[in-house]
Every structure is written in structure tokens, then in C-alpha cells.
Amino acid sequence: MPSLIALVTRLSKPAEEAWLTSLRAAMPAETILPIGDMSGAELERAEIAIVANPDPADLNRLPNLKWVQSLWAGVERLVLELEGFAPPIVRLIDPRLAETMAEAVLAWTLYLSRDMPAYGAQQRDRVWKQLPYRAARDTRVGLLGLGELGSAAAEKLLLAGFDVAGWSRTARELPEIRTFSGAQGLDEMLSQSDILVCLLPLTAETTGLLGTRQFERLPEGAGFINFARGKIVRTDDLMAALDKGRLKHAVLDVFETEPLEEGSPLWSHPGITVLPHISAPTNQSTAAKIAAANIAAFRASGMLPDGIDFARGY
Ligand code: NAP
């Protein structure tokens, strides 16, 4: 009996249907079934699961599961909910997603470096006032995270003329970028970042990583962009740093709770731009092709792909 692929999600019915269509188009020779539609015999034939916010209990219904392909780049929820899970879990690594994120990093870095929030406020108040200009080459951008997304963002920022630095867990070398690692490296990079961009995964180590102490290391009047996860930042500390003028402006695309609660003070803070998690939307068609390529490689070689590292959390 040929093996099947189970689609395991907690998405809405229409969202799951849309994924099913893209996935079936990307691998027409495979049989992909939503787990809710599978018979007992079909559950036994599934060696691969494609998942998006899966219920762990559903995955446990697949006795012959060999590995799991996630449709998301971020895996903190899987790490939390599937602790001790044996089959490898492969996250989505999609160059298209990295390109989209790099474009967002460039757009919002320019928004901060060219003082767009201040000019917007001036227009609302009918104020005609030219603010000091700082060229891209004189603007130091510090990237937290130099993985798939961070390194793509670094490349785009360099092309636009920014002075780029990056911080990672292990030491890395990238052309034309000042690189830092470890706790001391973080302090060093912060002190040299006019704009700080967060592209870290949410892990035990990065939860609450950015608070008063870190914001105080930044040059006076620095800008901050969080495109990673809300819980990496201590929100009260961020607001205090903005109120004190330590930070000039923050662009937030991710929050502890999403959607951001209607009563959140972040909505109306003059130093904060709120975005509704739009920095890098998943492209279903390219994501399905990446999943299809991973599955084709497994079918051809029989080798299990490398999964996420539960101990490091990403
Ligand atoms: P990745 O390829 O795994 O890269 C993660 C980077 O962070 C690596 O450079 C890693 O260091 C570094 N890192 C991890 N833990 C660290 C620590 N404790 N201290 C210092 N550096 C640390 O991940 P990615 O694909 O770039 O994605 C990053 C995150 O972006 C995802 O986890 C997800 O949460 C978020 N994301 C957001 C959106 C959105 O729309 N807002 C979309 C997609 C993804 P090493 O290089 O040493 O491993």
C-alpha cells in the first residue's frame, strides 16, 4: 500500500481547504488527506504529516509517522506543545518568505531613518520644519538574528547603503557586516545600533530578552523594529524607554497577544507604529513547493530530513 500524507491543522475549514489545494497542486502524485477525513487504515498508512498549528493529539493518531513538515517558519508553538516528540519536525525555509521579510525590514528601516513618523505628526499639526538628515551610510542598523531572515535582511540593507551589524547565538561571518555573538556581543552591538531590528526565534533564551537594560545600551534616540515575536520584548520597558526619549520610535508587527487587544496602550502611543503581523506573510504556493521538494527528496532517498532542535528551541 503506498504511503499517505496527513494534513493536520487547527486552521479554519476554508484556510485548510486553501492549503490542501496548493499542496495537491505542488505534488500531484501524492495523496494528501486532512486527518479528520482519514479512516483507521489510512491513518496507519501515513508516514508524513504536513502541519499548521496541529493538535498534538491528532499527531498521536498516526502510528507510522516518520517525519513532519511544518508550514510555518516559526516553531515556538511546536517546541512547546510537542516536547519529547520523536519524529523530526522540519520547519518552512522559503527564500520567498526571506525576500518578503527583507523588503519589510528595508521599508520600515527607511521609515525610521527618514523620520517619517515625525513628519506624519508634523503634518497633522500643520508644522513646517525640516529635521536633520542622516544618510543611510551613516545609519547603523543592528540585526538581532542572522538566520534565514536576518541574513536576507542584511543583504538588502547593505544594497541600500546602510551600515549593518548582526548578532547570532553562534559566531558567524558574513561579508561586509560587523558580526557579534554571546551576551557581551549583544551589549557591543546595541551600543552601535541607531536602528535595532529583531528577527530572533522565540525560545527560552530569547523570551523577555529585550528590556530596560538593553534599551539603555542603545544610542539616545534609537529606533526599534520587532518583526519576530512579541514575547521577546518586555512591553512595559519598551514604553518606558520611549517615554524617556531613550528610544525615538518603535515599529511593532508582533505582540504577546494577537490580534492586539482593543484596550492596549500600544495603539495610541505616539512613539509606536502598530502593524497587524504583515511583515512577511507566507506565500502558499511557494511554501507548498518547498514542502513538495522536501517530500520528493525523502521519497527518493528514504533519508529522514533534519528537524528542529528541541534543546535549543529553534
Ligand atoms: P533561523 O534561520 O533559525 O535564524 C535564527 C537566528 O537567530 C540565528 O542567527 C540564530 O543564531 C539566532 N538566535 C537564536 N537564538 C539566539 C540567542 N539565544 N541569542 C542570539 N542569537 C540567537 O530563523 P529565521 O527563519 O531567520 O526566522 C526567525 C524568526 O522570525 C522565526 O522564528 C519567527 O518567529 C519569525 N518570523 C516572523 C514572521 C512575521 O511575519 N513577523 C514571519 C516569519 C518568521 P545561530 O545563527 O547561531 O543559530
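The values are calculated or read from the model by the stated rules, or taken from the named source; none is laboratory data. Since this is a predicted model, take the numbers as computed values, not measurements. Because the Cβ atoms are built from the backbone with ideal geometry, glycine has one as well, and the counts that use them run over all protein chains shown. Calculation scope for accessible area: heavy atoms of the full protein, side chains included, ligands and nucleic acids excluded. Shrake-Rupley method; radii C 1.70, N 1.55, O 1.52, S 1.80 Å.
Here are the numbers for this structure:
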{"item": "Subset of the stretch 1-19 that is among the charged types (D, E, K, R) and open to solvent by 40 Å² or more (accessible area, probe 1.4 Å) - its residue that is nearest to the chain's Cα centre (by Cα)", "result": "R10"}
{"item": "Residues satisfying the stated conditions in the stretch 130-145, i.e. hydroxyl-bearing (S, T, Y) and either within 16 Å of the ligand (Cβ to nearest atom) or open to solvent by 100 Å² or more (accessible area, probe 1.4 Å) (or both)", "result": "Y133"}
{"item": "Qualifying residue in the stretch 87-99 (condition: more than 18 Å from the chain's Cα centre (by Cα), closer than 27 Å to G230 by Cα and among the acidic types (D, E))", "result": "no"}
{"item": "Within the stretch 283-293, tally of residues that are touching a residue at least 40 places away in the same chain (Cβ under 8 Å) and either surrounded by fewer than 17 Cβ atoms within 10 Å (Cβ to Cβ) or away from the ligand (no atom under 16 Å from the Cβ) (or both)", "result": "5"}
{"item": "Qualifying residue in the stretch 203-223 (condition: within 11 Å of the ligand (Cβ to nearest atom), in a strand (DSSP E or B) and either open to solvent by 50 Å² or more (accessible area, probe 1.4 Å) or of a type outside the set (D, E, K, R) (or both))", "result": "no"}
{"item": "Residue list for the stretch 180-194, filter: more than 10 Å from the ligand (Cβ to nearest atom), touching a residue at least 12 places away in the same chain (Cβ under 8 Å) and either assigned to a helix (DSSP H, G or I) or over 16 Å from T139 (Cα atoms) (or both)", "result": "D187, M189, L190"}
{"item": "One residue from V141, V164, V197, V127 being without any contact (Cβ under 8 Å) to a residue 60 or more places away in the chain, closer than 20 Å to V254 by Cβ and β-branched (V, I, T)", "result": "V141"}
{"item": "Any hit, the stretch 154-166, residues being outside the structural domain of D194 (by TED's automatic domain parsing), away from the ligand (no atom under 12 Å from the Cβ) and not in a helix (DSSP H, G or I)", "result": "no"}
{"item": "Residue pairs meeting the criteria (Cβ under 6 Å; at least 6 apart or on separate chains; first in the same structural domain as L62 (by TED's automatic domain parsing), in the stretch 15-40; second at pLDDT 95 or above and open to solvent by 30 Å² or more (accessible area, probe 1.4 Å))", "result": "S22/Q284; S22/S285; A26/K289; I32/R24; I35/D58"}
{"item": "S22 open to solvent by 50 Å² or more (accessible area, probe 1.4 Å), within 24 Å of P281 (Cα to Cα), of a type in the set (S, T, Y) and at pLDDT 95 or above", "result": "no"}
{"item": "Odd one out for R312 among (1) assigned to a loop (DSSP other than H, G, I, E, B); (2) open to solvent by less than 60 Å² (accessible area, probe 1.4 Å)", "result": "(2)"}
{"item": "Residue in the stretch 238-259 that is within 22 Å of R140 (Cα to Cα), open to solvent by 10 Å² or more (accessible area, probe 1.4 Å), in contact (Cβ under 8 Å) with a residue 24 or more places away in the chain and part of a loop (DSSP other than H, G, I, E, B) present", "result": "yes"}
{"item": "Any strands (runs of 3 or more DSSP E) falling wholly within the stretch 15-104 and containing at least 3 residues that are hydrophobic (A, V, I, L, M, F, W, C)", "result": "46-52"}
{"item": "G263 being open to solvent by less than 70 Å² (accessible area, probe 1.4 Å) and out of contact with any His (no Cβ under 6 Å at 6 or more places or on another chain)", "result": "no"}
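Rundown of residues vs (1) within 11 Å of the ligand (Cβ to nearest atom); (2) closer than 21 Å to G271 by Cα; (3) of a type in the set (S, T, Y); (4) crowded, with 22+ Cβ neighbours inside 10 Å, yes/no style:
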| position | (1), (2), (3), (4) |
| --- | --- |
| T100 | yes, no, yes, no |
| A107 | no, yes, no, no |
| Q122 | no, yes, no, no |
| W128 | no, yes, no, no |
| G147 | yes, no, no, no |
| P201 | yes, no, no, yes |
